[in-house]
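For reference, the structure is listed below as structure tokens.
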Amino acid sequence: MTKHFNPLYLLGQASAHAPRKSWKFLAGAMLPLLWFSLWSPAPAALAAGDDGAAALQAADKVFTPAQRSAIVAIVRQALKQDPSILTDAFSSMRAAVAQDEAQRVRKALKANWHKIAQAPEWASQGPHAGRPVIVAFIDPRCGFCRRETPVVQSWLKSHPHVRYMERIIPILGAGSLQGARAIYAAGLQGRYAPMRDRVVMSSTTPNQAQLDAMAQSLGLDMGRFHTDMQGHEVTKLITSNLEAAQLLGIDGTPTFVIGRSQLVPGAVDADRLSALASQAAHEDDD
């Protein structure tokens, strides 16, 4: 089983690993299986269970061996003459999977909106009643987040009506968790954004001495900073963020929740962000 690191383990909230679920991987793995099942029905029967086996037994009564061979030959020839038959089938399957995933996301957002759309005031921007609501899940050591942070901050300046909430999910190991703790500890002293920028924009993983230097440059109370880094409030914030990410099936950063129906993985440029925000605002009006 393919596994990925589960950061809740570092917080004492879960086991060290959890199974990764990827429809892209499953779709890729299904291709040879579906191809093989065209020529040999037995694996399909096994995969389908008793119902599939019963269907094949019924087919045996309808088609003679010669007819079955002819059907296979027709299908084989059709695929040779027009391979787009298979690609069209897979395109349809991928579209159906994407539609199912979109429905799942909408249901998850609707059922858990109060758990998703939350962040400390010092980790949020825009008016409380701002629309649409955008929730960003980032990791302090994520290279894409490093490039995306200035894009988002610049975009927000020209979209003051948006309610933006930032949630840190340290999914890239112990260095990410330490950085998240430092950012949130600074946030408790009113210096979230500048500490986030220093940690996220660093091209290397800061050690504790470097995090301390960053905190000192911001004029933080260092005794409180160290206490808060390991304190209950910071741990609770990070745990809540990770649990919210799990509710939506998020396993990469950055990921944006835009409005109550859109889950957008990966970095986005300003134009696409504007288009997605506009679409979300209209959907929220409906």
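Of all residues in the stretch 143-189, count the ones that are over 21 Å from the mean Cα position of the chain (by Cα) and charged (D, E, K, R).
Of the residues in the stretch 143-189, 2 are over 21 Å from the mean Cα position of the chain (by Cα) and charged (D, E, K, R).
Can you name the helices (runs of 4 or more DSSP H) wholly within the stretch 43-162 that have at least 2 residues being among the aromatic types (Phe, Trp, Tyr) and either at pLDDT 85 or above or in the same structural domain as Gly173 (by TED's automatic domain parsing) (or both)?
143-157
Keeping to the stretch 211-236, report how many residues are of a type in the set (Gly, Ala, Ser) and either touching a Gly at 6+ places or on another chain (Cβ under 9 Å) or part of a helix (DSSP H, G or I) (or both).
Of the stretch 211-236, the ones of a type in the set (Gly, Ala, Ser) are 213, 215, 217, 219, 223, 231.
Subsequent filtering for residues that are either touching a Gly at 6+ places or on another chain (Cβ under 9 Å) or part of a helix (DSSP H, G or I) (or both) retains 213, 215, 217, 223.
Qualifying residue count for the region: 4.
When the residues of the stretch 173-191 are narrowed to those that are of a type in the set (A, V, I, L, M, F, W, C) and out of contact with any strand residue (DSSP E or B) (no Cβ under 8 Å at 6 or more places or on another chain), which ends up surrounded by the fewest Cβ atoms within 10 Å (Cβ to Cβ)?
Ala174
Condition check: out of contact with any Asp or Glu (no Cβ under 7 Å at 6 or more places or on another chain) and either at pLDDT 95 or above or at positive phi (or both). Does Ser240 satisfy that?
So Ser240 fits the description; yes.
Which residue out of Leu86, Leu109 is more than 30 Å from Ser154 (Cα to Cα) and surrounded by 14 or more Cβ atoms within 10 Å (Cβ to Cβ)?
Unique residue meeting the criteria: Leu86.
Counting just the residues of the stretch 192-234 that are crowded, with 20+ Cβ neighbours inside 10 Å and under 27 Å from the mean Cα position of the chain (by Cα), which one comes out farthest from Ile138 (Cα to Cα)?
Taking the stretch 192-234 as the starting set, the residues that turn out to be crowded, with 20+ Cβ neighbours inside 10 Å are 192, 195-196, 198-200, 211, 214-215, 220, 225, 228-229, 234.
Now restrict to residues that are under 27 Å from the mean Cα position of the chain (by Cα): 192, 195-196, 198-200, 229, 234.
Working: Tyr192: 14, Met195: 14, Arg196: 10, Arg198: 14, Val199: 12, Val200: 9, Met229: 18, Val234: 16 Å.
Checking each candidate, the answer is Met229.
The values are calculated or read from the model by the stated rules, or taken from the named source; none is laboratory data. It should be emphasised that the depicted structure is a prediction, and the values quoted were computed from it without experimental measurement. Neighbour counts run over all protein chains shown; Cβ positions are idealised from the backbone, glycine included.
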